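What follows is a single structure, written as structure tokens, with notes after it.
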Amino acid sequence: MTLQRYQAAIAAFDQANGQDPNKELSAGKECPKELLYARRMTEMQERFAPEASEAVKLACRAQHIQRWKSPRSNYPMDKKGYMLWRTNLYKFHAETAGNLMKEVGYDDEMIARVKTIVGKKELKTNSETQLMEDVVDLVFIEHYMMAFAAQHPEYDEAKWILIIKKTWDKMSASAQQFALAGKIKLPQALVPLILKAVQ
């Protein structure tokens with residue numbers, strides 16, 4: 001790793017995410033939503049896989065880069081629209097990250113690796129993509145699952161077990177063990193459902 005180039009890429013990602021007009025409170029302070037998410041991704045990656053490659057570290061920081069520029073409301077509000085939004089988001093994030101990396105001097109090989117990871121390509125077969133997916137899911141469980149639950153009071157227990165199981169099945173065995181070993185903060189109100197889903 002060339003530290004100066006790596007730090008320049010992280011700074012570029014953070015500057016891009018710092019433009020997010022959506023804000024979220026953290027430790028009593030208001031922060032651009034996607035900048036906060038990016039920092040949480042890096043923090044979780046350092047806890048779960050401190051030995052991760054430079055490509056994974058960069059991908060984790062850029063995983064939601066400028067997400068607000070492609071809102072869900074731009075697509076039909078059905079399953080097909082949702083899947084198209086997600087597919088286009090992966091491409092958008094990968095291209096945005098790749099362009100910023102090129103500006104700070106990364107070569108095509110590293111840019112391609114990061115774009116593959118951010119684009120969630122070869123999940124389950126590419127160890128770097130899987131590692132970022134593990135971090136994504138751990139961050140969701142620790143920081144966002146409870147808020148997601150609050151947004152969907154209409155979901156019954158069966159629906160929640162299905163959602164949790166889908167998240168769980170995307171994780172590697174080591175990430176599952178990390179979560180169950182008390183290495184992340186589980187949303188207490190959902191712990192019974194989480195345990196029921198993973199069993």
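Please treat every number below as a calculation from the coordinates, not as lab data. The model shown is predicted, which means the values in this text are computed figures rather than measured ones. Glycine also receives a Cβ, built like all others from the backbone with ideal geometry; neighbour counts cover every protein chain displayed.
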For Ser26, other-chain or 5+-apart residues with amide H closer than 5 Å (H placed, Pro excluded) are Cys31
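Which order do peptides 127-139, 9-21, 179-191 fall in by mean Cβ count within 10 Å, highest first? Before the final figure, lay out the partial values.
Working: 127-139: 21.8, 9-21: 17.5, 179-191: 13.1.
For the peptides 127-139, 9-21, 179-191, the packing ranking is 127-139, 9-21, 179-191.
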Candidate lysines for bridging to Lys79, where Cα separation is under 20 Å - those fewer than 8 sequence places away on the same chain excluded: Lys91, Lys120, Lys159, Lys165, Lys166, Lys170
Taking θ = phi - 60°, what integer Hz values does the Karplus form 6.51 cos²θ - 1.76 cosθ + 1.60 yield along segment 64-69, in sequence order, with x for Gly and Pro? 10, 4, 6, 4, 4, 6
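By how many nm would the segment from Arg5 to Leu195 grow when fully extended, if each residue of separation counts as 0.36 nm and the alpha-carbon distance is taken off?
Value of the extension gain: 64.1 nm.
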Net charge contributed by nearby residues that have their C-beta within less than 13 Å of Tyr90 (K/R +1, D/E -1): +3
So how tilted is helix 127-139 from the main axis of the chain? Cα-based, degrees 0 to 90, rounded to 10. 50 degrees
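Report the local net charge at Ala12: Lys and Arg +1, Asp and Glu -1, summed over other residues whose C-beta lies under 13 Å from its C-beta. Each step should come with its number before you reach the end.
Working: positive: Arg5, Arg61, Lys102; negative: Asp14, Glu103.
Summing Lys/Arg as +1 and Asp/Glu as -1 gives +1.
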Just going by the charge dipole of segment 106-157, with Lys and Arg at +1 and Asp and Glu at -1 on Cβ, which of Gly119, Met132, Phe148 is farthest out on the positive end? Gly119
Taking segment 1-50, which GluC sites (Glu not before Pro) meet the DSSP loop condition and have no more than 15 other C-beta atoms within 10 Å? none
Between Asn99 and Ser174, the FRET efficiency computed from the C-beta separation at R0 = 30 Å comes out, to the nearest 0.05, as 0.40
Would you mind computing, in nm to one decimal, how far apart the modelled labels at Thr87 and Asn22 are, each placed 7 Å from Cα along Cα→Cβ? 2.2 nm
Which value in nm describes the separation of the simple spin-label points at Lys79 and Asn126, placed 7 Å from the Cα toward the beta carbon? 2.7 nm
Relative to the longest principal axis of the chain, what angle (0 to 90°, nearest 10) does the C-alpha long axis of helix 157-170 take? 30 degrees
